[in-house]
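Only one structure is covered here, and it is reproduced in the block below.
We did not get these values from a lab; they are worked out from the coordinates using the rules stated. All values reported here derive from a predicted model rather than from experimental measurement. Heads up, the Cβs are rebuilt from the backbone with ideal geometry, glycines too, and the neighbour counts pull from every protein chain shown.
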Amino acid sequence: MTQNILTSSGIVAVPLIVFSLISFTLIIERCYYWFQIWRREKLVINRVFSLLESDRKQAIVLLQQNIDLPIPRIFLAAFQLKRQDLETVQVALETSARAELPNLRRFNTVFDTVIAVAPLLGLLGTVLGLMTSFASLSLGDVSQSDTIGVTGGISEALSSTVLGLVVAIVTLLFANVFRSLCRRQISAINAANGRLELFIRELHFTES
């Protein structure tokens with residue numbers, strides 16, 4: 001059935017297939033990215049806070065080993081400062097957190113483009129298919145109409161609509177999931193930054 005839809009969708013099938021391949025590739029990349037965060041980040045951060053109480057250098061080494069994760073990158077930006085007073089650390093954490101936002105929202109614009117354009121391409125295929133059908137009709141003598149042309153045009157109109165909607169719907173579902181994960185990660189970053197600030201505040205209070 002899928003093959004029939006692709007073959008009968010007409011010329012608009014080409015850009016829709018390209019869009020679907022782009023969307024599929026980016027979805028796989030984002031799934032891998034978020035899976036790594038879900039699988040490792042919380043464990044790494046808990047381990048880092050445990051090490052900070054006894055071995056700061058080992059905590060930094062652990063962060064460097066997991067620099068592909070957002071929160072370890074943010075923490076490293078704070079730990080690599082020459083000054084470790086609370087205000088300086090807060091500025092470093094906030095700046096690094098903002099710098100992570102493009103990574104968290106990566107490919108959102110591409111997904112939005114696919115979601116918006118795919119149904120329009122499907123609609124374009126519908127119009128082209130109907131034009132083919134009407135061109136095959138002989139208004140004066142229906143019996144002399146090109147039956148194959150009429151049915152082919154209708155098939156192109158329906159198939160292109162289905163293909164465009166499928167590409168848009170699948171992309172929309174995953175894009176919404178990624179946006180939800182992005183919001184959760186931002187909350188996790190804020191919580192981790194607050195936890196680190198409290199740790200530094202308590203450390204300075206103990207030293208004084």
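If a spin label sat at a point 7 angstrom from the Cα of PHE35 along the line to its beta carbon, the backbone N atoms of the stretch 166-195 nearer than 18 Å would be those of 174-175, 177-179, 181-182.
Taking 35 Å as R0, compute the FRET efficiency from the Cβ-Cβ separation of GLU53 and ARG106 and round it to 0.05. Computed FRET efficiency for GLU53 and ARG106: 0.50.
If the chain linking LEU198 and ASP68 were pulled fully straight, counting 0.36 nm for each residue of separation and taking away their Cα-Cα distance, it would gain 44.3 nm.
Sorted from fewest to most neighbouring beta carbons within 10 Å, what does the list ILE74, ILE189 look like? Could you put the intermediate results ahead of the total?
Numbers: ILE74 23, ILE189 20.
Listed from fewest to most nearby Cβ atoms, that is ILE189, ILE74.
Residues in the stretch 116-121 carry Karplus couplings, in order, of 7, 8, 4, x, 5, 5 Hz; the curve used is 6.51 cos²θ - 1.76 cosθ + 1.60 with θ = phi - 60°, and Gly or Pro positions show x.
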